[in-house]
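J.: Have a look at the structure that comes next, please.
The values are calculated or read from the model by the stated rules, or taken from the named source; none is laboratory data. This structure is a prediction, so every number in the text was calculated from the model and none was measured. As a convention, Cβ positions derive from the backbone with ideal geometry for all residues, glycine included, and neighbour counts pool all protein chains shown. These area figures cover heavy atoms from the full protein model, side chains too; ligands, DNA and RNA do not enter into them. Shrake-Rupley method; radii C 1.70, N 1.55, O 1.52, S 1.80 Å.
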Amino acid sequence: MMTTVLAIHAHPDDIEFQCAGTLLRLAERDVVLHVATMTPGDCGSAEMSAEQISEVRRGEAARAAGLLGAEYHCLEFRDLSIVFDNPSRRRVAECLRTVRPDIVLTAPPVDYMPDHEMTSLLVRDACFNAPIPNYTTGADDPGRPLERIPSLYYVDPIEGVDWFGQPQPAGMIVDVSATFERKLEMLASHESQRAWLLKQHGMDEYLESCRRWAASRGSEIGVAYAEAFRQHLGHPYPGENVLEHLLGEPSG
Ligand SMILES: [Zn+2]
């Protein structure tokens with residue numbers, strides 16, 4: 001049986017920043033990969049309308065997912081508008097029932113902006129709800145309930161810190177030195193965002209900040225580049241570290 005992995009984060013490019021190196025490693029295993037963003041990144045431009053930039057960024061996200069051999073989904077929430085309410089909970093649960101993941105990678109509970117934190121809460125909630133037979137999503141052609149709660153992992157917050165600047169510990173650190181240049185290629189697929197930051201900073205800050213952070217996590221385990229994760233271990237989520245088994249490496 002192939003393992004299905006879903007990486008779901010708030011905006012186009014969040015997944016590439018925080019876990020694409022690991023996804024590229026998983027792509028070398030017997031794994032079916034799906035990438036999902038909550039929004040199409042509709043606030044990510046000062047020049048284009050929300051509709052125009054959404055179309056551009058859906059295309060960029062799909063191209064990046066294509067480099068991974070993953071299918072791309074957009075849940076069509078809107079930037080700065082992700083909230084924890086019942087319609088949102090049902091939409092995320094329906095995504096899980098459609099993709100049917102064994103492993104879910106998502107945003108961390110504490111991060112620099114509420115879209116990320118709401119995504120984390122909605123995905124954690126959907127992992128719990130999606131197996132419950134009487135929990136209905138109201139979708140036109142609803143997927144059947146999941147057999148079980150998937151294994152849930154959180155990626156790093158941006159710059160690895162909480163609201164008070166305190167470094168967040170890693171539960172497991174994955175060596176992505178071998179896939180790091182391809183991770184940057186995936187990130188570079190998000191041309192609209194790269195160009196925006198290039199204009200603002202006068203340097204390729206988009207790729208450089210990614211390199212700095214991956215090098216910092218890498219230094220914790222003595223490798224060039226790494227990505228870190230924390231597994232959700234609260235009741236009744238699965239506690240076995242299936243991601244580590246799949247990658248075949250000890251935790252950092
Ligand atoms: Zn984001």
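J.: Report yes if some residue within the range 191-202 is closer than 21 Å to Arg57 by Cα and open to solvent by less than 40 Å² (accessible area, probe 1.4 Å); otherwise report no.
T.: Yes, the range 191-202 contains at least one residue that is closer than 21 Å to Arg57 by Cα and open to solvent by less than 40 Å² (accessible area, probe 1.4 Å).
J.: So, of the residues in the range 101-131 that are under 18 Å from Val242 (Cβ atoms), away from the ligand (no atom under 16 Å from the Cβ) and within 16 Å of the chain's Cα centre (by Cα), which turns out to be surrounded by the most Cβ atoms within 10 Å (Cβ to Cβ)?
T.: So the first thing to find is which residues in the range 101-131 are under 18 Å from Val242 (Cβ atoms), and the list is 101-106, 123-124, 127-128, 130-131.
Checking which are away from the ligand (no atom under 16 Å from the Cβ) leaves us with 101-104, 124, 127-128, 130-131.
Filter once more, keeping what is within 16 Å of the chain's Cα centre (by Cα): 101-104, 124, 127.
Working: Pro101: 25, Asp102: 20, Ile103: 20, Val104: 27, Arg124: 21, Cys127: 25.
Only one residue tops the list, namely Val104.
J.: Are any residues in the range 23-33 in a loop (DSSP other than H, G, I, E, B) and either charged (D, E, K, R) or near the ligand (Cβ under 9 Å from one of its atoms) (or both), and if so, which ones? Full working, then the answer.
T.: First pass over the range 23-33, keeping only residues in a loop (DSSP other than H, G, I, E, B): 27-30.
Selection gives Glu28, Arg29, Asp30.
This table checks each residue for (1) open to solvent by less than 10 Å² (accessible area, probe 1.4 Å); (2) under 13 Å from the mean Cα position of the chain (by Cα); (3) among the basic types (Lys, Arg); (4) over 25 Å from Pro142 (Cα atoms).
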position: Pro12; (1), (2), (3), (4): yes, yes, no, yes
position: Gly21; (1), (2), (3), (4): yes, yes, no, yes
position: Arg29; (1), (2), (3), (4): no, no, yes, yes
position: Cys43; (1), (2), (3), (4): no, no, no, yes
position: Gly59; (1), (2), (3), (4): no, no, no, yes
position: Arg91; (1), (2), (3), (4): no, no, yes, no
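J.: Something else about it: State yes or no: is Ala64 open to solvent by less than 70 Å² (accessible area, probe 1.4 Å), within 22 Å of Ala20 (Cβ to Cβ) and out of contact with any strand residue (DSSP E or B) (no Cβ under 7 Å at 6 or more places or on another chain)?
T.: Taking the combined requirement at face value, the residue satisfies it.
J.: Exactly one condition in (1) part of a loop (DSSP other than H, G, I, E, B); (2) free of Cβ contacts under 8 Å to residues at least 40 places away in the same chain; (3) not aromatic (Phe, Trp, Tyr) is not met by Ala139; state its number.
T.: (2)
J.: Follow-up. Pairs needed: first member in the range 103-122, part of a helix (DSSP H, G or I); second member anywhere, open to solvent by 50 Å² or more (accessible area, probe 1.4 Å) and within 11 Å of the ligand (Cβ to nearest atom); C-beta distance under 7 Å; at least 6 residues apart or different chains.
T.: From the range 103-122, the pairs are Asp115/Leu80.
J.: Could you count how many residues in the range 217-227 are over 17 Å from the mean Cα position of the chain (by Cα) and within 16 Å of Ala20 (Cα to Cα)?
T.: Filtering the range 217-227 down to residues over 17 Å from the mean Cα position of the chain (by Cα) leaves 217-225.
Then keep just the ones that are within 16 Å of Ala20 (Cα to Cα); that gives 217-218, 224-225.
Total meeting the criteria: 4.
J.: For the range 150-206: of the residues being assigned to a loop (DSSP other than H, G, I, E, B) and of a type in the set (Asp, Glu), which is nearest to Ala50 (Cα to Cα)? Steps first, answer last, please.
T.: Taking the range 150-206 first, the residues assigned to a loop (DSSP other than H, G, I, E, B) are 150, 156-157, 162-166, 168-171, 176, 189-190, 202-204.
Next, only the ones that are of a type in the set (Asp, Glu) stay: 156, 162, 204.
On the way: Asp156: 28, Asp162: 30, Asp204: 25 Å.
That would be Asp204.
J.: Here are Ala36, Ala20, Ala7: which of them is among the aliphatic types (A, V, I, L, M), within 16 Å of the ligand (Cβ to nearest atom) and in a helix (DSSP H, G or I)?
T.: Working: Ala36 fails: in a helix (DSSP H, G or I); Ala7 fails: in a helix (DSSP H, G or I).
Every option except Ala20 fails the conditions.
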